[in-house]
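Engineer: I have a structure here, written as structure tokens, and I will follow up with some questions on it.
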Amino acid sequence: MSYQPKAQLVNIMALPFLPTDIRQRQYKVRSDLELMTTVEIERHCALPKENVREIVDELKMKLDPTTNRNCSIKTETKIITSISFLRSGSFQYI
């Protein structure tokens, strides 16, 4: 006689890897270029605020989000992050 295990019913809701409640996503409030002080911008980008504003104005048409999503990344955030990376060579400083 060969061994045959009995079929066991598994309660899917009791599994630890399945969420039992669906939570709403929480988004961080991103800093806006206009709300940042000149000192903060110079610390991140090593450029004056006016120069960063000129770069943003020049690249805005190419970098604006084309999606209709609620929380797409702003052009200012993309540019400040890129300049900061080029300045420091690391995303850890940002």
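Engineer: Using a Cα-Cα cut-off of under 19 Å, which aspartates and glutamates could be cross-linked to residue 49, ignoring same-chain neighbours fewer than 8 residues away?
Structural biologist: Cα-Cα hits under 19 Å: 32, 34, 40, 57, 58, 76.
Engineer: For the pair residue 58 and residue 86, how long in nm is the line joining their label points, each one 7 Å along Cα→Cβ?
Structural biologist: 0.9 nm
Engineer: Counting other beta carbons within 10 Å of each residue's own, what order do 73, 41 fall into, fewest first?
Structural biologist: Arranged by neighbour count, lowest to highest, 73, 41 become 73, 41.
Engineer: Rank-order 49-55, 60-66 by packing density, defined as the average count of other C-beta atoms within 10 Å over each peptide's residues, highest first.
Structural biologist: Highest mean packing first, the order is 49-55, 60-66.
Engineer: Follow-up question, since we're still on this one. Would you mind computing, in nm to one decimal, how far apart the modelled labels at residue 42 and residue 66 are, each placed 7 Å from Cα along Cα→Cβ?
Structural biologist: 3.9 nm
Every read-out reported here was derived from the displayed coordinates using simple, explicitly stated rules and does not represent laboratory data. All values reported here derive from a predicted model rather than from experimental measurement. Cβ sites come from the backbone with ideal geometry, for glycine too, and all protein chains shown count toward neighbours.
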